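*Asks:* Below are the structure tokens for one structure; questions will follow.
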């Protein structure tokens, strides 16, 4: 479509070719920062940004995100990771390096509603998102055109109560074939099976409406209208086996009034949904999220 | 305490001595505005502000708030109300005139937490609220000082499971004695009986926390913390028999993060609660709220 | 592109085929509402929504927006307007009827930045905006593709300091040829001449960044960064001869921090700009704006 | 007044008796974090929270805030600071330790408007602020009562164009006598001399209104009203010689409409001002602000 994306991406990859991020979770204990920063320093890395959080300094859980520059990182990262391993074991960490010259590969799942999809595509092609979108999967044929017009393959895989296992099998094969890192459910109106979710644990991002107070169950906009809520919102979260109960990534709200009918509420809801989902995807792309139990630490 | 209040009140009463408001609910039908505005015009009233809302122009419910100036209103209002009655009957309206030279009389119920009480008192004495506060009632003795220092009587009426009917009786007598128009529950931690509520239908304003998504039941801040919510809020509503399920008047939110522990969330919650409750009281004082079913029209 | 638009438009036109709006400005005086609602009632119109505002009930300016249903409006509107004229003259009004079965015709002017354009097009094709977009005009060829892919003609009219009068002449001819009602400057980076503006007084909508405090002049994002602002915003306004000083329609803000570099600020700025501009266009499409002096009344 | 404060303070002092914060500014260079965390670790300190920011990893400025627990800190801090000095010199840092068992001492300057003062006092006595308020200074006698009712001395020092140097001398002596750490101008309507400011560089916090776009000069609310702004705000900043141009600490906004007259705008403005000022004071109390040039890094 537009050619801004290619230029942006190239400039991004050039600017950050030696940049990496390290995410850490472990039990809190003295010396963590000292040990980690020492290894990085000894390998010639310069810490650009670092965030920490500890649930409780006397025996809680410790979280850390470090962003660093390491000149000639492509050549040196093997050695860095190798030397990091003893510390990781000593401190009983979960840790993960990610390198900004390897763009994350995002798959989008969509049904018939296009607002979230189009917003993600716009941010992708305008260079707000630095990632690859190798494919879009849908249980409906409707949204093929805007996807293919950007040169992105669109897979139409119908889902019904009889073929669900086969459909998910087909989806998983595509995700594997395209080497997908994470999945965004852009108003995908199908419940994924626990088995599917297991393959992408904390790597499937969903968006749903939210209200103050919440209306669980069917027809939420209608019930929010009947109760006359003054604020509506949307919540983005990682998908877990508990439907819509996974760790919250990002939330947003807008004020409404009695003048909004159900259609108006849905229209405003769409605007919030696409905004909140895009922010959640951005946070994920920047490796800013650590999941801990059923909550997120967002640095 | 400070003497700003008296000056503000006098100036307010002088400026709006001939100002009144009319609230209307009826079935929608052609000619409502024409008939109402004609009567007002014939009595010499000038419409200053007028808001309407119709749930559905073909047979829904019609709501209207008219604010008008009527020179020498004190003398003329009897005749105006009398001439309005035939229209009210013809259109099968619910209607209510209120006159700005008659300050509303607000009672505050409070327990031990002072943030909502102090904010209401501050707005009262600083002249943001134009009303009387003839008394404060509490089931604890703790907050006597800031109330009495403003010259407002403080009634300490302990409530427990044995004496609740007697306590409510005593409260109702005080409300009657002081000629109270409406009651504000400023974090009053007792459930009012249906019988009590009946005496002040749609005239008791409550405030409670709200979350996206909602956490119904005990320990909401703890559970919001555990789920890692990114936005917390508060909801002000009229009290009905369904605890915390009455018509919503006003809502507000603030963003939070994983860095907020349970105490921090409660602290932010207090700030939102006092702000939202004050705005709800302001709307009530200005006769901007019409209750319809379980929702509010806020003009 | 997508075929949702056509369906939405048809359903809109069918639902509101008998709906109209009336905007009024005049000196405040008793009886305005009575007289206006009487005429509407006598012609069989049912007022669906009505908003008024008076700068000062004793001799200020009075503003009113009435939305009404008039069955068989297409046939009856001539007579209604004719009978309205004597009242308009008596009260020395400015007034304007608009009919919802006549979709407003919006032209978009754009340069190289696409964020506002794409958002407007998305809302158009998704059925959030009920209007026609007969053409897009640009001083650059870059954004032809997304416009033409929706079947909208794209006119590339280069502008430089030598050809500006001719270019504006050409633009005005196109606007006339396509019968354009109003113009949206979606980041159009050219200053329109006073002569051009005169043809579309209070019918050209612009968007620009805004800061607390303001940074007038060149490189505003750079200066906002240097000052370390914590909130950035955007303002949409009608274009007048005073560059960026016209009546404000809508504003919006987002919080930022020291972590945002200049590029980040611009990225957030783009998100606010497209959101605020879309809201301003929505208000204009719904005839909710009355300009008075250098300010707007937005009902 | 209320006795909550004393209890809160004691519990705070007990909980954080071994907690300290370290603020650092220096040129960015590899190894900073490693060196700092090593010293802290060797002295037995456990890093509880750590934030960093670098304007540019290749040669920019590096900022860091570390919060740490050091058991028996009162006894050990001398040695820690001594051992830190060589690193500070090596890296050419500006650094500052602060200890949470030493409450900051805040002076409030006020004139006639009470909204900011009362909010600060409420947060102080309710235990939201952990600090001492040893005195309030005013150029008017009006607000003596609410201050003295909390047992805080109130000094009335009239200021006029003739006595300004003497008045400031008197103020400075009081600040010295009471061992004041920082000053909050809670709507203090006098301009402080450069000489006064020099004594409390980046330790005087001011609040002023802000608009999108800004209205510099006299009668800002009147002009904001005339332009019909839709959002008003407030900005809190450190006082520098350039009036109202110092480094911004915190900002806030609220939406308004044409219905707000000048008085309403001022009323909303007061609510934003007290909220934004309180948040700025909170950030200062928690040592979250580093001033760099004319901007702040807020961790």
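Computed from the coordinates by the stated procedures, all read-outs in this text should not be read as laboratory data. All values derive from a computational prediction rather than experimental measurement. Every residue, glycine among them, receives a Cβ derived from its backbone with ideal geometry; neighbour counts consider all protein chains shown.
*Asks:* If you fit an axis through the alpha-carbon atoms of helix A:32-42 and take the longest principal axis of the Cα set of chain A, what angle between them do you get, 0 to 90°, nearest 10?
*Replies:* 70
*Asks:* Could I ask something else about it? Determine the calculated [θ] at 222 nm for the protein assembly as shown from helices alone, applying -39500 (n - 2.57) to every DSSP H run no shorter than 4 residues and normalising by the residue count; nearest 500 deg cm²/dmol.
*Replies:* -11500 deg cm²/dmol
*Asks:* Express as a percent, rounded to the nearest 5, the fraction of DSSP beta bridges in region A:89-164 (both residues included) that run antiparallel.
*Replies:* Values: 0 of 8 bridges.
About 0 percent, rounded to the nearest 5.
*Asks:* Under 1.5 on a/c is rounded, so check that first for region B:138-238, then, if it is not, pick prolate when a/b is larger than b/c and oblate when it is not; a ≥ b ≥ c are the square roots of the alpha carbon gyration tensor eigenvalues. Can you show the working numbers first?
*Replies:* On the way: a/c = 2.04, a/b = 1.80, b/c = 1.14.
It comes out prolate by the Cα gyration axes.
*Asks:* Another question, then. What whole number of Å gives the distance from the Cα centroid of region A:195-252 to the Cα centroid of region D:184-242?
*Replies:* Here the two parts' Cα centres lie 42 Å apart.
*Asks:* For a quick check: sort D:199, A:14 by the number of other beta carbons within 10 angstrom, fewest at the front.
*Replies:* Values: D:199 16, A:14 9.
Listing D:199, A:14 from fewest to most nearby Cβ atoms yields A:14, D:199.
*Asks:* Turning to a different aspect of this structure: For region D:105-298, what size does the Cα cloud have along each of its three principal axes, sorted from largest down, in whole Å?
*Replies:* Taking max minus min along each principal axis of the Cα atoms, region D:105-298 gives 49, 40, 38 Å.
*Asks:* In degrees from 0 to 90, rounded to the nearest 10, what is the angle of the helix C:164-177 Cα long axis to the longest principal axis of chain C?
*Replies:* Around 40 degrees separate the two axes.
*Asks:* Shape call for region D:236-293 from the C-alpha gyration tensor, a ≥ b ≥ c root eigenvalues: rounded (a/c under 1.5), prolate (a/b greater than b/c) or oblate?
*Replies:* Values: a/c = 3.17, a/b = 1.96, b/c = 1.62.
Prolate.
*Asks:* If you fit an axis through the alpha-carbon atoms of helix A:115-125 and take the longest principal axis of the Cα set of chain A, what angle between them do you get, 0 to 90°, nearest 10?
*Replies:* 40
*Asks:* If every alpha-carbon in region D:180-238 counts as one equal scatterer, what log10 I(q)/I(0) does Debye give at q = 0.22, 0.24 1/Å?
*Replies:* Each listed q corresponds, in turn, to -0.89, -0.97.
*Asks:* Further question on the same structure: From the Cα trace of the protein assembly as shown, what convex hull volume per residue do you get, rounded to a whole Å³?
*Replies:* Values: hull volume 232.9 nm³, N = 1196.
Spelled out: Cα convex hull of the protein assembly as shown, divided by residues, is 195 Å³.
*Asks:* Would you order A:166, C:132, B:81, C:67 from fewest to most other beta-carbon atoms within 10 Å of each residue's own beta-carbon? Mind dumping the intermediate values first?
*Replies:* Numbers: A:166 11, C:132 19, B:81 14, C:67 23.
Listing A:166, C:132, B:81, C:67 from fewest to most nearby Cβ atoms yields A:166, B:81, C:132, C:67.
*Asks:* Using a 10 Å cut-off around each Cβ, can you sort D:204, A:152 from fewest to most neighbouring Cβ atoms?
*Replies:* Result, fewest neighbours first: A:152, D:204.
*Asks:* Separate question: What whole-number distance in Å separates the alpha-carbon centres of region A:275-292 and region A:10-60?
*Replies:* If you average the Cα positions of each part, the centres end up 18 Å apart.
*Asks:* Let me ask something else. If you take every DSSP beta bridge fully contained in region A:105-298, what fraction is antiparallel? Give it as a percent rounded to 5. Could the numbers behind the result be given before it?
*Replies:* Numbers: 18 of 32 bridges.
Counting DSSP beta bridges with both partners in region A:105-298, the antiparallel share is about 55 percent.
*Asks:* Follow-up question, since we're still on this one. Please report, for residue D:79, the nm distances (one decimal) from its label point, 7 Å out from Cα along the beta-carbon direction, to the equivalent points in the remaining copies, shortest first.
*Replies:* Result for residue D:79, in nm, nearest copy first: 3.8, 9.4, 10.1.
*Asks:* Would you kindly state how much longer the chain becomes between residue B:160 and residue B:16 on full extension, computed as 0.36 nm times their sequence separation minus their alpha carbon distance, in nm to one decimal? Mind dumping the intermediate values first?
*Replies:* Numbers: separation 144, 0.36 × 144 = 51.84 nm, distance 4.41 nm.
Result: 47.4 nm gained on full extension.
*Asks:* Decide, for region C:18-99, between rounded, prolate and oblate: order the square roots of the alpha carbon gyration tensor eigenvalues as a ≥ b ≥ c, take rounded if a/c falls under 1.5, and otherwise choose prolate if a/b is larger than b/c, else oblate. Let's see the in-between values first.
*Replies:* Working: a/c = 2.22, a/b = 1.75, b/c = 1.26.
Verdict is prolate for region C:18-99.
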